[in-house]
Structures are given as C-alpha cells and as structure tokens.
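Let me begin by presenting the structure, written as structure tokens, before commenting on it.
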Amino acid sequence: MNLKDASGLAYNINFEAAALCFIALLYIYLRKKYYNTSPVNDTFRRLVFCQIIAIILDIGTALTISFPDKVPIWFNIALNTLYFASSSVLFYTLHLFFISFGLKKKVGVPLLFLSRLVLVTFLTLLVANIPTGIFFSFERGFYEYGKLHTLCIGIPLFFLIECGGTFMLLHKRLPGQIFAVLLCLLLTSVAGPVLQYFLFPKILLTNFFSLFSLILCLFVLVSPDYAELSRKRAELNELQKNLEAKAAIESEKIHKRDKQKEMLSAQIIDALAATIDVADANRNNHSENVAENARKIAYMMALPKNEAQKIYYTAILHDIGIIGVSEDITSKQGAFTDEEYEQMKRHTVIGERILSRIHEMPEMAANVRSHHERFDGKGYPDGLAGKDIPLCARIIAVADTFDALIHERSYKKAMTVEEAKAEIKANAGSQFDPDVVAAALEIL
C-alpha cells in the first residue's frame, strides 16, 4: 500500500469514527423529539440503523486492510461483502424514506419494483463475488479491484440519484431556501464518492456521503411537514388536557347527581316504611329495626357494601304489602283466624306486585315475596327450601322474626333478647338458614 493510499485510509477511519458519533447523537435526539410511529419516522429509524451498520463495517474493513499479515483474507472478504451490501441497503432505505412522505402514488409502483430488483441483483452478485472476485479480491495481501468493481460505486449512486429525483417531487412542500440548501447537500453527497474514487482508487468506497444524506434527513425532519406534526401534537396534547378537565367536571356533576338521587331514594323509602308502620300500630318502628339488623347480618357474612345496602332497602320495605291487606285484619287485637291468617299471608305477593315497578332493583320484589319462606320448605307463598330461597330473603327472615320476638304484640308478650336469640338458634336448619343464624347471633 503506497503513501497516498495509506493517508486516504487514515482519513477514512477518522472520518467514519466521527460520523458514527454524530449519527448516534442525531438518532437519539430525533427519537426523543419525534417519538410517534408514523411511516416517515419508522423509515427514518431503519435508515439510521442501516447507516450505523454501514459505518461500523466500513471502519472494520479499513482497519483489517491495515494489518494484512495478521487478519485472514476470508475475514477481509466477508467484511467487504457486508459493507457493500449495507451501503446499497442504506441508499435503498433512503429512497423509501423520501417515498414515505406520501409520494408513493407519484413515484409509482414500477420504480419501486425496479429499485428492489436492482438491490436484489446486486446483493446476489456480492455473494457470487466470494468465489469469483468479480468486484474485489485480495492478491498477495493487497486489495484489488475486480472487473465489475464500478458497480460497488454505481449501485449506491443509482439509489442516491433515484433519491434525488424523488426529493425533487418534494420541492413544493418545502420553503425555497431550505430546498436550495438540501439540493446542494444532495449534489455534494453524489460528488463525494466520485471524487474519492479518482483521488484514492485503492481505498474502499467510504460512507462519508452517507453523512450528508443524514444531514439531508435532518433538514427534512424540520420541514413544514414535521413542523405541522409538532403543532398538531401540541394541539392534541392541549385538547387532551381540556377533555380530561371537562371529563373530571362532568364526573363530579354525575357523582353529585347520583348522591342526590341516592339521598332522594333513601328518603322516599323511609317515607314508605313510615307509612307501613303507621298502617299497623303494633309495629314499633319494625321496618327500620329489621332493615338495620339485616344490614348488620350482611356485613357479618362479609357481603360487599353495595349488596348490604340493597338488603337494607329491601328489608325496610319487606312488609310494604301490608297496605294492601284490610285494616280490620292488620289492626286486630288478638290472634288471627285461619281465614284472616290467609289474608295476612297475601302481603308478600302484594309487596312483590308493588315493588316490581322499581326497575333499577328488580331483585327487590323477588326478595320481598320470599321473606316468609322457610329453610325446610314449609313457608309461603311458594314453598321454597334451602338455597333456592334468595339470600337476601333468608337474612330478612331472621331479622324480621327476631324483632317480632322482642317486641310486644296484641297477641303475645315480648321476649328478652337472650330468649329471642335462643328461639332463633333452635329453629336454625328448619325455619332459618343456619349460616344466617350463626352470623345473626354474633351481632344481635
């Protein structure tokens, strides 16, 4: 290797090392600034990746040529082959980068097909070079050109000129001064390898013109297309913040309305419960007492808070059907006759009919209908047994009976709390669900 080639080789290594650092920084900057996954960005990232690989291979080939006695020839051949392949892929990717700016229809499918055909043909010839040396070879440790070596320069230049033609289609989308600067850079990137070929004929084709291509990309990325992208992204971020703020305000309004509806519903239910108790002078706030105890039992059975609250609302209206029973029966002093008892039993069905109009809690009507069912199947109105009875109804049955036992009625005396609990426990498994009884005895 003569002095001229040696100086060119040193230039090649130093320049490419600096270019590698620059391109790495450029890639990091642009990836942070333009992090969206648009076709333009995706193609640009592939372009930079190809550029970095090509530079690394270029540096590797230059270094291995510097030590022909220590590096095997096959390793030099492999690096050169990979380097020329990566250079061609790089400029093919640069072409795709320009096309990704929405120029596919203008460029046309035939030109894309031609580009792919040229690339595949050249890569195939590179593989064929290994046994034939048609592009390059190493004779007595020196790098020698083959008969078709000019293709190693011509193919990348073909893609670069093709990129230039594609780039010309962008001129209406760029300001005049920026377009002029980009055009000068593009011409320089074409002239660079030509000058190198004549000045350093024995030095591998350097990738320095690829650096100009990436500077070109940098200018394109700050073109009106990307300025518009940044502006729209800022507008979208602002719009998102406004929407989130409006959503929070609306959510708060909905929450307040729900609270108001819940309070109104609770007040209406309390009013209905008071109406029921007024209709029967013997009740002694029976509805409220049963509802509170039913909710406590539900909590003891580890039911969710919202389920416990539904049980409370059902329990407070469990005897709403009383208003459909004759006042002569509900206000009677003393025990009921069989006929009166049958009339009294109808309050469960009447209650179901009234509450079936509450569409937001359809299970409430069914639970009110079943709150006098027995665990052994001897209850009314349907003779349900065991787990066929809704859990809410089984809980209300225990709370209802307990409150009735500890309060005096016209037909019986009141029991003490302990006596009532003993009575409840004695009927576990027959009248009541044993699990509900166990929970009730803990809190009553």
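The values are calculated or read from the model by the stated rules, or taken from the named source; none is laboratory data. Because the structure is a prediction, the values reported are computed rather than measured. Glycine gets a Cβ as well: all are built from the backbone with ideal geometry, and neighbour counts include every protein chain shown. Surface accessibility is based on the protein's heavy atoms, side chains included, excluding ligands, DNA and RNA. Shrake-Rupley method; radii C 1.70, N 1.55, O 1.52, S 1.80 Å.
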Flagged in segment 366-424 as part of a helix (DSSP H, G or I), aliphatic (A, V, I, L, M) and over 13 Å from V436 (Cβ atoms), in numbering order, are A366, V368, A404, L405, I406, V417, A420, A422
Practice item. Could you please let me know if R409 is open to solvent by less than 50 Å² (accessible area, probe 1.4 Å) and under 54 Å from the mean Cα position of the chain (by Cα)? Key: no
Residues of segment 310-343 being of a type in the set (D, E), open to solvent by less than 60 Å² (accessible area, probe 1.4 Å) and over 16 Å from R369 (Cβ atoms), in sequence order, are E340
Condition set open to solvent by 80 Å² or more (accessible area, probe 1.4 Å) and at pLDDT 80 or above, scope segment 108-126, selection farthest from N76 (Cα to Cα): answer is F113
V290 meets each of (1) over 42 Å from the mean Cα position of the chain (by Cα); (2) loosely packed, with under 15 Cβ neighbours inside 10 Å; (3) at pLDDT 80 or above with one exception, condition (2)
Scanning segment 344-365 for residues that are part of a helix (DSSP H, G or I), open to solvent by 10 Å² or more (accessible area, probe 1.4 Å) and aliphatic (A, V, I, L, M) gives M344, V349, I350, I354
Of the residues in segment 412-434 that are of a type in the set (K, R) and open to solvent by 60 Å² or more (accessible area, probe 1.4 Å), the one that is modelled with the highest pLDDT is K425
### Task
Take R357 and decide whether it is at pLDDT below 90, under 19 Å from T330 (Cα atoms) and not aromatic (F, W, Y).
no
Expected single match for touching a residue at least 40 places away in the same chain (Cβ under 8 Å) and of a type in the set (D, E, K, R) among R346, R374, R369 is R374
